[in-house]
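Here's the structure we're looking at; comments come further down.
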Amino acid sequence: MRPLIGAAAAVFLNLLAIAGTEHVEAQVGASHLWKARAFQAEDHLKTLTPELDAIRGEGASPRAEELKCEAMLEGAFALHRTREHRVHQVLKSGLHVFKIVLDGGKGGVFDLSYFYDADESRLISIQVLSVPHSWGVTRPIDDAPHPGAILVAVNDRPDGGPRCVLGFSLKEPPFAYVVRSPREKLVLGVPRRETGRS
């Protein structure tokens with residue numbers, strides 16, 4: 001049975017999938033949106049843990065890499081509940097900044113920051129503030145299957161290739177996903193959306 005707060009977060013995020021975040025953000029504020037996503041991330045991490053433990057010895061199998069990427073992404077969202085002071089900042093100007101921070105090891109950190117106005121009702125800008133040395137980031141994409149997103153290649157395998165590619169919506173934060181292939185994506189946080197392509 002899901003905890004009540006986790007179930008409420010899931011319902012809230014499903015509402016976002018239907019209504020879009022601009023309308024919902026104006027009613028509840030960005031803090032509530034990011035907090036709800038954090039609760040959902042914690043729930044998802046709990047379901048990933050047994051599977052991660054079961055494949056621990058598989059090393060670089062495709063499923064192991066995929067699960068590690070899911071856990072990394074969900075861990076970044078969970079920080080909005082467990083370490084909120086590190087990922088939610090209020091600037092002197094009154095702007096609110098909500099961050100997605102991913103550890104790139106010796107290469108540095110990935111920092112994707114979402115800037116909202118003082119009352120958290122409007123997203124003003126999204127900025128990539130830092131990228132680990134070997135990682136790659138695309139320019140915003142307008143084409144399917146990733147409309148309105150940036151893709152981040154987590155290039156940390158020993159051969160220099162990407163362990164995975166993460167997608168971050170620029171139109172609907174905090175919508176993010178792990179890209180399994182150029183034509184398929186595993187959506188984390190909201191139900192999968194059809195792109196019109198097969």
Given backbone amide H placed at 1.01 Å from N, residues whose amide H is under 5 Å from that of Trp135, ignoring those fewer than 5 places away on the same chain, are Asn155
What whole number of Å gives the distance from the Cα centroid of region 38-54 to the Cα centroid of region 62-121?
17
Note on region 96-181: alpha-carbon gyration tensor, axes a ≥ b ≥ c; rule is a/c under 1.5 for rounded, else prolate if a/b larger than b/c, else oblate; result oblate
Name the residues whose placed amide hydrogens come within less than 5 Å of the amide hydrogen of Val109, ignoring near sequence neighbours (fewer than 5 apart) on the same chain.
Gly104
Each residue of region 113-128 in turn: what ³J(HN,Hα) in whole Hz from Karplus with 6.51, -1.76, 1.60 and θ = phi - 60°, glycine and Pro shown as x?
10, 10, 9, 10, 5, 4, 9, 6, 9, 9, 6, 8, 7, 10, 9, 8
Per its Cα gyration tensor (rounded if a/c is under 1.5, else prolate when a/b beats b/c, else oblate), region 21-175 is best filed as prolate
Please turn the phi angles of region 82-92 into ³J(HN,Hα) values with the Karplus equation 6.51 cos²θ - 1.76 cosθ + 1.60 (θ = phi - 60°), one per residue in order, whole Hz, x for glycine and proline.
8, 9, 4, 4, 8, 10, 10, 10, 10, 7, 4
For region 169-178, what does the Karplus curve 6.51 cos²θ - 1.76 cosθ + 1.60, with θ = phi - 60°, yield as ³J(HN,Hα) per residue in whole Hz, taken in order and with x for Gly and Pro?
6, 9, 9, 9, x, x, 7, 8, 7, 9
Students often get this wrong, so check it: of Lys99/Lys171; Lys46/Lys68; Lys46/Lys106, which have C-alpha atoms separated by over 24 Å?
Lys46/Lys106
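Rounded if a/c is under 1.5, else prolate if a/b beats b/c, else oblate: with a ≥ b ≥ c from the C-alpha gyration tensor eigenvalues square-rooted, which is region 134-184?
Prolate shape, in that a/c is at least 1.5 and a/b is the bigger ratio.
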Just subtract the alpha-carbon distance of Lys171 and Asp103 from 0.36 nm times their residue separation and send over the number in nm, one decimal.
22.1 nm
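Computed from the coordinates by the stated procedures, all read-outs in this text should not be read as laboratory data. Computed from a predicted model, the values in this text were never measured in an experiment.
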